[in-house]
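Only one structure is covered here, and it is reproduced in the block below.
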Amino acid sequence: MLDQQTFLQGINYLKASYINWNFDLHNDLALKVWYKKFSALDPSTFMQLIELYTDTKSFAPQSPADILNLVPQDLAPADAWEVVLAAIKRAFNNSSFLNIMAKEQPTLYPLVQHWDIENVSEDAFGNKCYTYELGRQFVREYRQHLNNKKLIRLSGSNVTLIEG
């Protein structure tokens, strides 16, 4: 559950990113309305959404829905593996791979942040058996991730958390 301090950090981050944003930090009603829309999110997810919004949108949000619409939908395990494999192929080294995943696939990043592709890249590209095994390992971890995480379902403008 989102704490008020992290919520205010996110709102201040938005204010700093959009200097002409007319959000009034002294308007208690506005703060309560916006906080209510995000309160079911965990702090990390909330800040990731705020940063993703500022990274991808030129204009300040007009409502919480503008930010909540960025909540990514889960990929099928095979599709998630294709995204990871494409990032491996685009990466020059382990650092660039992790940067690609963190920026472009923040929901998949926690599953691969411990990987060291510098040690596996030659095998991953030259040896189909190894690539297959790496993919199987990733798909197992991804399925476990989907089973364990709390799913966010948007219904109208309300956010409901459902135990997975």
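Data table
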item	result
For MET1, MET47, MET101, order by how many other beta-carbon atoms lie within 10 Å, fewest first	MET1, MET47, MET101
Mean Cβ count within 10 Å, highest first, over the residues of peptides 87-99, 22-34	87-99, 22-34
Rounded if a/c under 1.5, otherwise prolate or oblate - segment 1-99, Cα gyration tensor axes	prolate
Total lysine pairs under 25 Å (Cα atoms) in segment 1-126, excluding pairs fewer than 8 apart on one chain	11
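A short reminder: the numbers here are calculations on the coordinates, not readings from a lab. Quick caveat: nothing in here was measured; it's all calculated off a predicted structure. Cβ sites come from the backbone with ideal geometry, for glycine too, and all protein chains shown count toward neighbours.
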